[in-house]
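Data block below; observations after.
The values are calculated or read from the model by the stated rules, or taken from the named source; none is laboratory data. Because the structure is predicted, anything quoted here is derived from the model rather than measured. All Cβ positions, even for glycine, are placed from backbone atoms using ideal geometry, and neighbour counts span all protein chains on display.
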């Protein structure tokens with residue numbers, strides 16, 4: 001459109017114009033020239049405005065398609081000690097589900113809390129990796145002795161919780177290797193959440209492993225819950241768990 005406007009303006013200003021075999025002789029009338037000039041200028045201005053608008057639109061779409069700057073990992077992940085206390089987060093929970101490799105850290109730090117929750121009516125579910133499965137050989141990488149030591153510490157704690165809480169404490173084992181450990185805190189006030197911990201195999205064995213919180217309002221909440229539910233449903237429940245059964249199963253040999 002702008003190009004057509006330029007051509008018409010040139011025609012209005014020229015008395016005679018030749019383009020190859022095309023010849024143009026202008027009307028000598030001032031009024032005709034003015035009308036032609038006005039038409040050309042109108043087309044020129046309109047064409048320029050449309051082109052600028054189109055360029056701005058394409059530029060805006062291009063910016064929208066550009067990947068957004070990533071969020072710093074430090075703003076997403078914490079260590080266990082940097083999170084608010086578990087005691088505060090589980091208040092009012094009607095169910096707490098735990099998926100772990102040996103549950104060593106959570107039982108060492110929170111066995112008394114889990115005991116109190118169960119006695120208050122909260123259902124507690126715990127899944128660890130079956131010590132007799134092939135998966136157990138790879139949970140701690142090359143640190144097999146550390147795995148055995150952690151398991152030996154967890155067994156009597158699990159046995160005590162099962163003995164004191166009965167049906168309020170459900171214990172299962174899985175032959176899968178969990179890609180993460182997590183604690184699912186279910187509440188009726190819309191504040192359910194997950195605490196997800198990344199499992200390192202060769203480093204970060206202690207409390208400084210990376211963790212993050214997922215609220216039930218977050219888009220990824222259902223994905224983590226679905227993973228936990230499917231692991232739970234595929235795991236094997238051990239109802240009468242005690243240290244005698246552990247010896248029979250050969251867990252600590």
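Worth pointing out:
- All positions within the stretch 121-135 that are assigned to a helix (DSSP H, G or I) and under 27 Å from the mean Cα position of the chain (by Cα): 135
- Test: residue in the stretch 191-211 that is assigned to a loop (DSSP other than H, G, I, E, B) and at pLDDT 90 or above: yes
- Restricting the stretch 95-115 to residues that are in a helix (DSSP H, G or I) and touching a strand residue (DSSP E or B) at 6+ places or on another chain (Cβ under 7 Å), the residue that is surrounded by the fewest Cβ atoms within 10 Å (Cβ to Cβ) is 106.
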